[in-house]
Amino acid sequence: MEHHMPVPVINILRLHLIHHLSQLDISQLIMEQQQQQQQQQQQQQPASNPEKPALAIKIRPETPADADAIHALLLAAFPTPAEAALVTTLRASDAYVPSLALVAVHDSSIVAHVMLTRASVGDARALGLAPLAVLPDYQGQGVGSALVRAALELAGEQTLGVLGDTAYYARFGFLPCAEVGVLPPVEAWKPHFMVRAGGGGVKGGVFRYHEAFDAV
Ligand SMILES: CC(C)(COP(=O)(O)OP(=O)(O)OC[C@H]1O[C@@H](n2cnc3c(N)ncnc32)[C@H](O)[C@@H]1OP(=O)(O)O)[C@@H](O)C(=O)NCCC(=O)NCCS
């Protein structure tokens with residue numbers, strides 16, 4: 001295999017030959033090159049810690065003025081327009097809690113959105129987390145995780161249900177519904193439906209989203 005000398009070393013050798021640098025100058029150059037390399041590596045690697053998004057984002061509740069941008073975001077993030085239509089329907093329903101519909105903003109643009117809407121487990125109140133979407137170009141950079149964590153903080157002790165990738169939602173404290181004695185609204189969802197218990201735990205029962213979800 002061909003052996004390549006690292007570029008910074010070549011640069012330093014070249015400079016040394018041309019300018020006859022002192023040992024002190026070379027040490028300084030090596031340090032600068034190492035710092036440069038570290039900076040480049042940090043820029044190339046997305047943050048793996050979901051609590052620390054690589055992007056500077058601001059999370060805030062959505063406003064009516066955000067509706068078009070959120071609609072476009074949902075169309076871009078999901079393969080069908082079903083979720084975009086669902087959000088429009090949910091906003092017009094009594095399931096809608098404006099303070100629990102959040103957007104993530106980067107450089108004045110909305111790059112992610114999540115909604116928690118009124119739901120129930122048996123006779124008790126609960127919240128459903130859906131939909132959650134991050135613009136394709138911004139996925140895999142911790143934005144979705146930051147948004148979920150912000151929503152969970154606002155939800156406080158309330159019981160939450162979510163249908164989705166169990167490995168993804170497990171990292172936020174959601175448990176398989178069977179473990180907390182909750183049945184999903186649709187029997188076939190059982191392997192993919194998760195629940196986050198409030199402070200007082202969850203009384204068993206069937207989780208029900210608002211009827212707006214029936215159309216999805
Ligand atoms: C799913 C989604 C919201 C995740 O948001 P994101 O900003 O891309 O995710 P994050 O960067 O916060 O992900 C953090 C971690 O979750 C993992 N992850 C991301 N999406 C995942 C998925 N669909 N299933 C399982 N793991 C996933 C990432 O690999 C990453 O793992 P790591 O921390 O070990 O590197 C986003 O990819 C999306 O909008 N997808 C399209 C719409 C969708 O499927 N929404 C979910 C409906 S329930």
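The values are calculated or read from the model by the stated rules, or taken from the named source; none is laboratory data. Here the structure is a predicted model, which means the values were calculated and not measured. Using ideal geometry, Cβ is built from the backbone for each residue, glycine included, and neighbour counts are taken over all protein chains shown.
Points to keep in mind about this one:
- Scanning the range 57-86 for residues that are more than 11 Å from the ligand (Cβ to nearest atom), closer than 21 Å to residue 154 by Cβ and part of a loop (DSSP other than H, G, I, E, B) returns 62, 63.
One line per residue, one yes/no per condition, for (1) in contact with a helix residue (DSSP H, G or I) (Cβ under 8 Å, 6 or more places away or on another chain); (2) exposed (fewer than 15 other Cβ atoms within 10 Å of the Cβ); (3) under 25 Å from residue 74 (Cα atoms); (4) at pLDDT 95 or above:
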residue	(1), (2), (3), (4)
116	yes, no, yes, yes
153	no, yes, yes, yes
165	yes, yes, yes, yes
193	yes, no, yes, yes
203	no, yes, no, no
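- Pairing residues of the range 130-149 that are assigned by TED's automatic domain parsing to the domain that holds residue 164 and over 22 Å from residue 196 (Cα atoms) with residues that are assigned to a helix (DSSP H, G or I) and more than 6 Å from the ligand (Cβ to nearest atom), at Cβ distances under 7 Å and at least 6 apart in sequence or on separate chains, gives 135/73; 135/76; 136/76.
- Selection from the range 131-149 of residues that are in contact with an Asp or Glu (Cβ under 8 Å, 6 or more places away or on another chain) and either under 14 Å from residue 185 (Cβ atoms) or surrounded by 19 or more Cβ atoms within 10 Å (Cβ to Cβ) (or both): 131, 133, 142, 145, 146
Quick grid of which residues meet (1) in contact with a helix residue (DSSP H, G or I) (Cβ under 9 Å, 6 or more places away or on another chain); (2) surrounded by fewer than 16 Cβ atoms within 10 Å (Cβ to Cβ); (3) among the aromatic types (Phe, Trp, Tyr):
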| site | (1), (2), (3) |
| --- | --- |
| 91 | yes, no, no |
| 98 | yes, yes, no |
| 103 | yes, no, no |
| 110 | yes, no, no |
| 125 | no, yes, no |
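- Hey, residue 105 under 18 Å from the mean Cα position of the chain (by Cα) and closer than 15 Å to residue 195 by Cβ or not: no
- Residue 208 of a type in the set (Lys, Arg) and under 24 Å from residue 92 (Cα atoms): yes
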